[in-house]
Amino acid sequence: MALVSADSRIAELLTELHQLIKQTQEERSRSEHNLVNIQKTHERMQTENKISPYYRTKLRGLYTTAKADAEAECNILRKALDKIAEIKSLLEERRIAAKIAGLYNDSEPPRKTMRRGVLMTLLQQSAMTLPLWIGKPGDKPPPLCGAIPASGDYVAKPGDKVAARVKAVDGDEQWILAEVVSYSHATNKYEVDDIDEEGKERHTLSRRRIIPLPQWKANPETDPEALFQKEQLVLALYPQTTCFYRALIHTPPQRPQDDYSVLFEDTSYADGYSPPLNVAQRPFCPSPYQGRLGNWRAGGREDSFI
């Protein structure tokens with residue numbers, strides 16, 4: 001019943017989103033005439049080589065109108081972004097409900113039966129579609145935007161992706177990409193599923209073994225302080241794996257769609273780091289450890305935490 005209700009609400013939101021997109025285009029077309037007038041007024045001023053009181057008054061009015069038009073369009077776009085966020089939230093709730101009920105679809109079968117290539121594609125899509133934080137003028141990026149950590153009392157929700165420190169079969173400890181199943185306030189412990197072994201490998205972990213992952217991308221053009229900085233030590237998801245390894249930021253993203261360039265620790269290289277590799281903004285978190293870690297081993301890294 002909950003799945004049917006979610007489907008109905010998603011359909012409503014998609015209709016509302018469609019209307020907002022149409023309104024955006026209508027608002028943009030309406031404001032275009034005013035922008036053309038601004039351009040023509042500047043051209044006349046250049047031809048006459050003077051700024052008369054008439055032109056000054058006219059431009060002030062035109063720019064006031066242009067500012068109001070831009071704010072109106074911006075408000076519509078923010079409403080559209082809110083609709084998209086609500087749709088994504090409902091889709092995630094529906095996915096979790098289906099997972100609990102043991103129902104799956106062709107686009108995302110249970111991960112324990114999923115081919116690795118399909119899982120890697122899903123993770124890449126998840127990183128690429130992480131929403132960009134767009135605040136109003138004067139707003140500061142919130143916790144879990146880019147490099148900004150969660151607040152001390154933050155509790156990750158079921159379905160949230162986290163970095164989880166678990167003990168491997170051979171006894172070594174490693175950081176893996178996991179999905180929150182539940183949190184017990186009585187014991188202050190999480191239950192999480194290994195993203196690579198959904199439903200097969202479940203871990204019960206204390207809060208200190210969990211690091212929530214970013215929920216928004218930071219915009220380098222407006223909020224550069226919310227990015228991990230050059231030479232900062234981080235835990236990053238190694239490409240084509242579901243494990244986090246220590247790395248140094250080589251180059252932060254310059255544009256919203258850009259990846260980080262990182263240097264993973266690797267003692268097989270003379271300087272102890274791999275050549276630069278691109279990693280998307282989402283699978284990142286600050287490293288809780290200082291100093292260097294261990295060496296490469298088959299299937300992953302051998303992490304001796306310091």
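The values are calculated or read from the model by the stated rules, or taken from the named source; none is laboratory data. Since the model is a prediction, treat every value here as computed from it, not as a measurement. Backbone-built Cβ (ideal geometry, glycine too); neighbour counts: all protein chains shown. Ligands, DNA and RNA are excluded from the accessible area calculation, which covers all protein heavy atoms including side chains. Shrake-Rupley method; radii C 1.70, N 1.55, O 1.52, S 1.80 Å.
Descriptive notes on the structure:
- For peptides 234-244, 87-97, 186-196, sequence by mean Cβ density within 10 Å, most packed first: 234-244, 186-196, 87-97
- Sequence-distant contacts, meaning Cα pairs under 8 Å at least 6 residues apart, place the relative contact order of region 141-220 at 34 percent.
- Compared with the alpha-carbon gap, the fully stretched path from Lys50 to Asp153 is longer by 30.9 nm at 0.36 nm per residue.
- Highest-first arrangement of 276-282, 209-215, where packing means the average Cβ count within 10 Å: 209-215, 276-282
- Placing a pseudo-label 7 Å from each Cα along the Cα-to-Cβ vector at Ser206 and Lys22 gives an inter-label distance of 5.8 nm.
- Pairwise FRET efficiency - Arg9 versus Gln232, Cβ, R0 = 30 Å, nearest 0.05: 0.15
- Site pair Val118 and Glu43 shows an inter-label distance of 5.8 nm when each label is modelled 7 Å from Cα along Cα→Cβ.
- Using a simple spin-label model with pseudo-atoms 7 Å out from Cα toward Cβ, Glu71 and Ser268 lie 5.9 nm apart.
- By average C-beta atoms within 10 angstrom, highest first, the peptides 249-257, 143-151, 51-59: 143-151, 249-257, 51-59
- Taking max minus min of the alpha-carbon positions on each principal axis, region 113-245 gives extents of 48, 39, 27 Å, largest first.
- Probe 1.4 Å, protein heavy atoms only - accessible area per residue of region 135-286 in square angstrom: 47
- Members of Lys99/Lys157; Lys140/Lys217; Lys161/Lys230; Lys161/Lys217 lying beyond 18 Å, as alpha-carbon distances in this model show: Lys161/Lys230
- Added length on full extension, which subtracts the Cα-Cα distance from 0.36 nm per residue, Asp259 to Thr222: 11.7 nm
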